[in-house]
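Reviewing the structure listed below.
The values are calculated or read from the model by the stated rules, or taken from the named source; none is laboratory data. Here the structure is a predicted model, which is why all the values come from computation and not from measurement. Cβ sites come from the backbone with ideal geometry, for glycine too, and all protein chains shown count toward neighbours. Accessible surface areas use protein heavy atoms only, side chains included; no ligands, DNA or RNA. Shrake-Rupley method; radii C 1.70, N 1.55, O 1.52, S 1.80 Å.
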Amino acid sequence: MKYTPLFHTILIDCARYLLDVRQYPPPTIPTSLNWDDFFKYAKENRSIGAIINIIRNQPDLVPEKARSEMNAYRYSSLYHINDLEIEVQAILAGFAQAHLPIIVLKGWEYIYTVYAGDYSLRPCGDIDILIHPQDLARAEAVLAEAGFEPTINLWPGFRSRHQNVAHHYQ
């Protein structure tokens with residue numbers, strides 16, 4: 001598969017258009033586009049949802065075979081992300097119940113604030129949470145109660161030395 005700068009340009013144009021349809025025109029997609037390669041490129045860049053949301057209103061832009069493949073991929077992704085959302089909601093409810101102040105960063109926050117709850121526009125595989133260092137032990141307890149375990153081994157003194165290092169749970 002040969003990537004071209006055109007693939008990148010189309011994805012950027014899709015993102016711009018989705019963020020502000022009043023300011024940016026819909027992306028221009030040449031009829032000679034290699035849809036198989038573009039589909040692979042868009043999957044690798046987790047951008048299928050953005051393309052589908054644009055072509056929903058302009059189905060003539062994409063051949064039926066490519067549109068069908070993108071929709072199938074999007075729906076399989078949504079099924080997986082829906083399961084993740086249930087876990088994320090349980091985690092957030094646990095923090096709220098413990099009266100633990102947190103800030104959700106990046107992906108899951110964007111899904112709700114930028115992408116109107118459409119998971120396909122911002123696929124996520126984890127949740128990034130900012131916690132005050134003094135609340136770390138309480139946050140770990142909330143995650144443990146929800147059934148999550150650390151994925152990295154903490155050595156003695158790790159916490160005091162690396163307060164701002166990410167902790168990963170699964």
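Here are a few things to note about the model shown:
- Of the helices (runs of 4 or more DSSP H) lying entirely inside the range 35-98, those containing at least 2 residues that are among the hydroxyl-bearing types (Ser, Thr, Tyr) and either open to solvent by less than 60 Å² (accessible area, probe 1.4 Å) or under 28 Å from residue 126 (Cβ atoms) (or both) are 64-97.
- Whenever a residue of the range 92-103 is within 12 Å of residue 140 (Cα to Cα), its partners that are acidic (Asp, Glu) and open to solvent by 70 Å² or more (accessible area, probe 1.4 Å), lying with C-beta atoms within less than 8 angstrom and at least six residues away or across chains, give the pairs 94/145.
- Near pairs, Cβ below 8 angstrom, 6+ apart or cross-chain, from the range 14-38 (of a type in the set (Ser, Thr, Tyr)) to any residue that is in a loop (DSSP other than H, G, I, E, B) and loosely packed, with under 12 Cβ neighbours inside 10 Å: 17/25
- On the stretch given as the range 22-77, residues that are under 20 Å from residue 116 (Cβ atoms) and aromatic (Phe, Trp, Tyr) total 2.
- For the residues 96, 66, the requirement of being under 18 Å from residue 38 (Cα atoms) and at pLDDT 80 or above singles out 66.
- Enumeration of residues in the range 104-123 that are part of a helix (DSSP H, G or I) and farther than 23 Å from residue 141 by Cα: 107, 110, 111, 112, 113, 119, 120, 121
- In the range 5-27, residue least open to solvent (accessible area, probe 1.4 Å) [restricted to those that are part of a helix (DSSP H, G or I) and aliphatic (A, V, I, L, M)]: 10
- On the stretch given as the range 1-13, residues that are acidic (Asp, Glu) and in contact (Cβ under 8 Å) with a residue 24 or more places away in the chain total 0.
- Scanning the range 95-153 for residues that are of a type in the set (Asp, Glu) and within 21 Å of residue 77 (Cα to Cα) returns 109, 118, 126, 128.
- Considering the range 145-165, the residues that are open to solvent by 60 Å² or more (accessible area, probe 1.4 Å) and within 27 Å of residue 82 (Cβ to Cβ) include one that is modelled with the highest pLDDT, namely 145.
- Number of the condition not met by residue 88 [criteria: (1) under 13 Å from the mean Cα position of the chain (by Cα); (2) modelled with pLDDT of 80 or more; (3) at positive phi]: (3)
- Output for the range 108-124, where each listed residue is more than 11 Å from residue 49 (Cα to Cα) and open to solvent by less than 60 Å² (accessible area, probe 1.4 Å): 108, 111, 117, 124
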